[in-house]
């Protein structure tokens, strides 16, 4: 009896094991069927969504863009005109019909009756078209402001394409009421000075700290020129920190202190002494053979690093000659060549130089525009007054180890 019961149980157990396996197999088949149905439905609906029935792709304007061009070139200021180029691209695989373009401008633009909406009709797949219009900036922008436009493009039954914002920086304009701008003149910045014209690293730190405590903000000579030409807004307490000749210690000792206080400075380079690599680095003996204090000069990689941070590099001639005593040909060569040297390495226009040895001569002033400059900087003569500034005779305040840091 017991053997029969076990035989019956084993036989039915095999049947019971088959039932769950059949159930799981049925579930898998059902899941595959339902998934295929859903995918087919989505695909068919997506095809209809693209053009209503055929499944072909609609036009796409995702590659379209806006480009601003300042008609006056250089930085952009309130009241200026901007040429705006609108580049429309059909990057889809289907011809675009009834294409309409709308340039959406923000509060800071004035259209002056110029077109900002276009009906361009048909644009083939892969086709491009460039539109342009003229926009003016409002006059009453007093703070540096990022102004922007964007595109809205429609075509037939397709959803409208609304592009990202395209922006341009507009520098605020307001009167400078302080009148006086201190322009500080330095040379080398050394831990151990060997000539009185040099400045201790610690004293340079003290100078920057005092300026910061009194809320001074550093500007460049280009900031100064843009204020004169366009009224660019200056900080309430502007200061220009300068160093002549291009000593390497400006990079090794001065640059970390500038970054510590969030400051920038202007360096006047004797470009003939500036090498490309450390292996070829020159010293101040290049332009001062009588000196007993030998100091290394900056190389272009160091200059580029400081430039990218925000420091300004201007001309101090090629060979540190006395420009006031030079012939007209030598005067023009020294300034044109040094200007070319800096512009070719840094890519920005050079419009100021410092007179070597403070050898300024009014008899040479008529050559300054011919050399490609707007202004020239002295070494001394006091604090500059913006009400009476002479761009060919810009004043500086000497700061060196002759002067106590607390003075």
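The values are calculated or read from the model by the stated rules, or taken from the named source; none is laboratory data. Predicted model only: the values in this text are computed from it and were never measured. Neighbour counts run over all protein chains shown; Cβ positions are idealised from the backbone, glycine included.
Points worth noting:
- Of everything listed in (1) touching a residue at least 60 places away in the same chain (Cβ under 8 Å); (2) touching a strand residue (DSSP E or B) at 6+ places or on another chain (Cβ under 7 Å); (3) farther than 23 Å from residue 378 by Cα, the single unmet condition for residue 254 is (3).
- Residue check for residue 228: part of a loop (DSSP other than H, G, I, E, B) and surrounded by fewer than 18 Cβ atoms within 10 Å (Cβ to Cβ): no
- Qualifying residues in the stretch 272-286 (those that are under 18 Å from residue 357 (Cβ atoms) and touching a residue at least 12 places away in the same chain (Cβ under 8 Å)) - the one surrounded by the most Cβ atoms within 10 Å (Cβ to Cβ): 273
- Check on residue 76, modelled with pLDDT under 90, within 30 Å of residue 143 (Cβ to Cβ), surrounded by 15 or more Cβ atoms within 10 Å (Cβ to Cβ) and in the same structural domain as residue 136 (by TED's automatic domain parsing): no
- Selected residue [closer than 30 Å to residue 270 by Cα and part of a loop (DSSP other than H, G, I, E, B)] from 196, 175: 196
- Of the numbered criteria (1) in contact (Cβ under 8 Å) with a residue 24 or more places away in the chain; (2) more than 28 Å from the chain's Cα centre (by Cα), the one residue 266 fails is (2).
- Residues in the stretch 178-185 include none that are in a strand (DSSP E or B), surrounded by 15 or more Cβ atoms within 10 Å (Cβ to Cβ) and either out of contact with any strand residue (DSSP E or B) (no Cβ under 6 Å at 6 or more places or on another chain) or without any contact (Cβ under 8 Å) to a residue 12 or more places away in the chain (or both).
- In this structure, residue 236 does not satisfy being assigned by TED's automatic domain parsing to the domain that holds residue 376, surrounded by fewer than 17 Cβ atoms within 10 Å (Cβ to Cβ), farther than 28 Å from residue 144 by Cα and modelled with pLDDT under 95.
- Residues satisfying the stated conditions in the stretch 103-134, i.e. farther than 20 Å from residue 71 by Cα and touching a residue at least 60 places away in the same chain (Cβ under 8 Å): 123, 125
- Take the conditions (1) out of contact with any strand residue (DSSP E or B) (no Cβ under 6 Å at 6 or more places or on another chain); (2) surrounded by 12 or more Cβ atoms within 10 Å (Cβ to Cβ); residue 115 misses just one of them, which is (1).
- Test: residue in the stretch 205-224 that is closer than 24 Å to residue 348 by Cβ, more than 20 Å from the chain's Cα centre (by Cα), in contact (Cβ under 8 Å) with a residue 60 or more places away in the chain and not assigned by TED's automatic domain parsing to the domain that holds residue 104: no
- The sole residue among 164, 160, 136, 155 that is farther than 30 Å from residue 384 by Cα, out of contact with any helix residue (DSSP H, G or I) (no Cβ under 9 Å at 6 or more places or on another chain) and crowded, with 20+ Cβ neighbours inside 10 Å is 155.
- Selection within the stretch 287-297 - surrounded by 16 or more Cβ atoms within 10 Å (Cβ to Cβ) and touching a strand residue (DSSP E or B) at 6+ places or on another chain (Cβ under 7 Å): 295, 296, 297
- Counting the residues of the stretch 200-224 that are under 23 Å from residue 394 (Cα atoms) and surrounded by 17 or more Cβ atoms within 10 Å (Cβ to Cβ) gives 12.
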